[in-house]
Amino acid sequence: MLWLASHYDLFRGLHILAAIAWMAGMLYLPRLYVYHCGATPGSEMDATFKVMERRLLRGIINPAMIVTFIFGGCLIAADGVIRGWGFLAQPWMIAKLSGVFFLSAWHGYLSKARRRFEAGTNTKSEKFWRATNELPFIAAIIMVIAVTTEFGRS
């Protein structure tokens, strides 16, 4: 565990890079859905969007989420060694973990939506995807402010 604590800055940097990749994909995928809604089912454009969405999800978003979780877990373990485990009950950490839960659920929702587009059974409108496109960024703002300010820290 001391090894984790001694490499804290490395894990933090890798966690941030992975989270950037995850967020980039989570912001881009709904934009693809916006444009996919306008494609004629069975058309070449429909097929192109299906490939783009699948590759983005499987090649970038899923791996980035996994790496984000791995290095986030390393940071939690290192913080436990450095600060003691009481930090997990701090408001800033609860906000961060709530954001992670939301982003994970949204990721799952986007994955399910991709399967519906693939099957030709999408029921959501272009307007829906436009309206929800920025949800991950709002969550990221809350999480970053919570962690960097450690609001509510006792």
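So here's what we get for this one:
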{"quantity": "For Ala89: the one exception among (1) at positive phi; (2) open to solvent by 60 Å² or more (accessible area, probe 1.4 Å)", "calculated": "(1)"}
{"quantity": "Subset of the range 130-152 that is under 27 Å from Tyr33 (Cα atoms), hydrophobic (A, V, I, L, M, F, W, C) and touching a residue at least 60 places away in the same chain (Cβ under 8 Å) - its residue that is most open to solvent (accessible area, probe 1.4 Å)", "calculated": "Phe137"}
{"quantity": "Pairs, first under 15 Å from Gly120 (Cα atoms) and at pLDDT 95 or above in the range 40-65, second open to solvent by 70 Å² or more (accessible area, probe 1.4 Å) and of a type outside the set (Gly, Ala, Ser), C-beta under 6 Å, six or more apart", "calculated": "Lys50/Glu118"}
{"quantity": "Test: residue in the range 24-36 that is modelled with pLDDT of 95 or more, charged (D, E, K, R), closer than 25 Å to Ile145 by Cα and part of a helix (DSSP H, G or I)", "calculated": "no"}
{"quantity": "In the range 1-39, residue farthest from the chain's Cα centre (by Cα) [restricted to those that are among the hydroxyl-bearing types (Ser, Thr, Tyr) and open to solvent by less than 90 Å² (accessible area, probe 1.4 Å)]", "calculated": "Ser6"}
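The values are calculated or read from the model by the stated rules, or taken from the named source; none is laboratory data. Bear in mind the structure is a predicted one, so any value in this text is a computation, not a measurement. Cβ atoms come from the backbone with ideal geometry, glycine included; neighbour counts cover every protein chain shown. All accessible areas refer to the heavy atoms of the entire protein, side chains included, with ligands and DNA or RNA removed. Shrake-Rupley method; radii C 1.70, N 1.55, O 1.52, S 1.80 Å.
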